């Protein structure tokens with residue numbers, strides 16, 4: 001059997017994390033060391049053997065139970081079934097939207113525009129990618145947007161790669177704007193106790209400014225390709241960019257608006273229904289997609305089984321559940337608490353000093369490992385810091401933006417990137433080379449991280465009631481650079 005060097009790297013990572021954890025004081029006994037080894041092993045398998053990540057998670061959970069690192073009860077509690085339910089419901093709703101032709105109508109609406117140039121198409125592509133990613137999920141968004149890119153580029157006989165890169169990077173940025181765009185958003189929002197409206201206030205302005213910066217970078221970086229598109233569009237003005245179809249879009253638009261509106265006002269609905277307390281935190285937020293999915297399946301019973309079996313990514317959701325459980329073992333064994341102690345003793349400046357640290361770590365981690373993997377691991381550390389002082393809740397936002405923006409750095413940085421590469425190959429094109437991607441991705445990822453850093457330091461951000469004590473859920477954190485008492489006072 002041929003030796004696979006990836007196995008050696010995996011073994012070295014597991015050994016390095018285990019021994020390094022002992023040396024750094026994160027793991028102090030056999031059980032804690034085993035927990036670190038299992039976590040590192042699952043992360044490394046995800047990096048080097050993507051198709052075997054679920055198998056590795058199964059084995060990892062079994063080892064944790066066998067070594068008494070976790071009990072069956074704590075594993076079931078750590079699987080974050082509320083987030084899984086939310087994602088199942090949203091996937092079914094998106095499946096119905098695709099069935100009704102709503103996403104195809106979005107493409108047609110753009111193709112019908114007159115007097116479009118390469119620059120205006122690029123701007124529309126950026127905005128469309130970001131907005132779609134923020135209201136549906138990033139995977140559905142990139143599939144729809146790239147259908148538009150391929151149709152336009154095939155008609156104009158242009159290379160689609162520049163516009164695929166633009167669309168993907170805008171998708172990753174837009175996915176951070178709301179809880180709906182990325183599993184990271186709903187995970188962080190739920191863990192932090194943020195309402196949908198608080199998430200909008202904290203995330204959307206940063207995402208919007210980052211999107212504008214990304215658009216400017218893309219226009220400069222791909223100026224030759226955009227100029228070629230403008231010339232090609234002038235030649236095809238009379239022919240159009242593709243066949244124009246009449247699509248009944250109003251039903252799909254209504255479904256989307258109702259779903260997003262109910263989610264947006266979930267906090268008020270919870271208040272009316274007296275769904276208060278920690279046990280019912282964000283209850284209606286989580287249940288809204290399930291309610292909408294149930295209503296839609298009753299309305300379309302002949303397609304209900306298809307939505308559940310085909311449109312729900314059960315493989316991915318199962319991995320999420322197991323990953324959340326394994327990440328929960330770090331908290332169960334006190335490893336994240338030890339890491340939080342180490343951070344507060346080595347990183348000076350309180351929350352202000354922590355923001356760039358979390359942004360950089362999250363960006364680099366998400367560049368090479370799916371961002372939900374990193375976020376699930378780092379969340380307990382943020383929780384430990386917030387329990388010490390509510391001002392550290394600003395780090396939830398740093399974790400969000402680092403994870404989403406860092407996904408732009410490499411081709412494996414996010415699910416949207418991987419899907420885009422697969423669609424390029426399926427469409428008969430070679431995928432974007434790793435070096436080509438990382439040159440632009442590093443610039444976009446680094447620049448948008450700087451934007452996030454500046455805005456988090458200068459602007460107030462919403463603080464969940466859980467972080468600031470009892471309240472209405474409308475509390476805000478002062479700018480991270482403002483004076484605050486030290487943790488030792």
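The helices (runs of 4 or more DSSP H) falling completely within the range 279-379 that include 2 or more residues that are under 27 Å from residue 71 (Cα atoms) map to 283-299, 314-332, 335-346.
Somewhere in the range 169-191, is a residue in contact (Cβ under 8 Å) with a residue 60 or more places away in the chain, within 23 Å of residue 233 (Cα to Cα), assigned by TED's automatic domain parsing to the domain that holds residue 234 and touching a helix residue (DSSP H, G or I) at 6+ places or on another chain (Cβ under 7 Å)? No, the range 169-191 contains no residue that is in contact (Cβ under 8 Å) with a residue 60 or more places away in the chain, within 23 Å of residue 233 (Cα to Cα), assigned by TED's automatic domain parsing to the domain that holds residue 234 and touching a helix residue (DSSP H, G or I) at 6+ places or on another chain (Cβ under 7 Å). Of the candidates 438, 361, 443, the single residue that is over 27 Å from residue 338 (Cα atoms), in the same structural domain as residue 332 (by TED's automatic domain parsing), touching a residue at least 40 places away in the same chain (Cβ under 8 Å) and surrounded by fewer than 24 Cβ atoms within 10 Å (Cβ to Cβ) is 443.
In this structure, residue 381 does not qualify as modelled with pLDDT under 80 and over 19 Å from residue 170 (Cα atoms).
The set of residues in the range 173-209 being farther than 12 Å from residue 400 by Cβ and out of contact with any strand residue (DSSP E or B) (no Cβ under 6 Å at 6 or more places or on another chain) consists of 174, 180, 190, 193, 195, 196, 197, 200, 205, 208, 209. Looking only at the range 1-59, filter to residues that are within 20 Å of residue 341 (Cα to Cα) and out of contact with any helix residue (DSSP H, G or I) (no Cβ under 7 Å at 6 or more places or on another chain); which one of those is modelled with the highest pLDDT? Across the range 1-59, the extreme among qualifying residues is 31. In the set 389, 467, 376, only one residue is over 20 Å from the mean Cα position of the chain (by Cα), crowded, with 20+ Cβ neighbours inside 10 Å, modelled with pLDDT under 85 and assigned by TED's automatic domain parsing to the domain that holds residue 177; that residue is 467.
What do you reckon, is residue 271 part of a helix (DSSP H, G or I) and either assigned by TED's automatic domain parsing to the domain that holds residue 32 or free of Cβ contacts under 8 Å to residues at least 12 places away in the same chain (or both)? When the stated conditions are applied, residue 271 passes them. Applying the selection to the range 107-128, what residues are without any contact (Cβ under 8 Å) to a residue 60 or more places away in the chain, within 20 Å of residue 177 (Cα to Cα) and buried (at least 18 other Cβ atoms within 10 Å of the Cβ)? If the condition is that a residue be without any contact (Cβ under 8 Å) to a residue 60 or more places away in the chain, within 20 Å of residue 177 (Cα to Cα) and buried (at least 18 other Cβ atoms within 10 Å of the Cβ), then 125, 128 are the ones that fit. Screening residue 88 on (1) touching a residue at least 24 places away in the same chain (Cβ under 8 Å); (2) over 30 Å from residue 260 (Cβ atoms); (3) in a helix (DSSP H, G or I) shows it passes everything except condition (2).
Residues that are modelled with pLDDT of 90 or more, assigned by TED's automatic domain parsing to the domain that holds residue 406 and not in a helix (DSSP H, G or I): does the range 211-223 have at least one? Checking the range 211-223: at least one residue is modelled with pLDDT of 90 or more, assigned by TED's automatic domain parsing to the domain that holds residue 406 and not in a helix (DSSP H, G or I). Test residue 201 against the criterion of being in contact with a helix residue (DSSP H, G or I) (Cβ under 9 Å, 6 or more places away or on another chain) and either surrounded by fewer than 20 Cβ atoms within 10 Å (Cβ to Cβ) or at pLDDT 80 or above (or both), and give yes or no. For residue 201, the condition - in contact with a helix residue (DSSP H, G or I) (Cβ under 9 Å, 6 or more places away or on another chain) and either surrounded by fewer than 20 Cβ atoms within 10 Å (Cβ to Cβ) or at pLDDT 80 or above (or both) - is not met. May I ask you to verify whether residue 72 is surrounded by fewer than 22 Cβ atoms within 10 Å (Cβ to Cβ) and at pLDDT 85 or above? Yes: the conditions hold for residue 72. Being at pLDDT 85 or above, closer than 24 Å to residue 107 by Cα and either within 30 Å of the chain's Cα centre (by Cα) or not assigned by TED's automatic domain parsing to the domain that holds residue 455 (or both) is the requirement here; does residue 257 meet it? Considered against the rule, which asks whether it is at pLDDT 85 or above, closer than 24 Å to residue 107 by Cα and either within 30 Å of the chain's Cα centre (by Cα) or not assigned by TED's automatic domain parsing to the domain that holds residue 455 (or both), residue 257 comes out as yes.
The values are calculated or read from the model by the stated rules, or taken from the named source; none is laboratory data. Nothing here was measured: the structure is a model prediction, and the numbers come from that model. Every residue, glycine among them, receives a Cβ derived from its backbone with ideal geometry; neighbour counts consider all protein chains shown.
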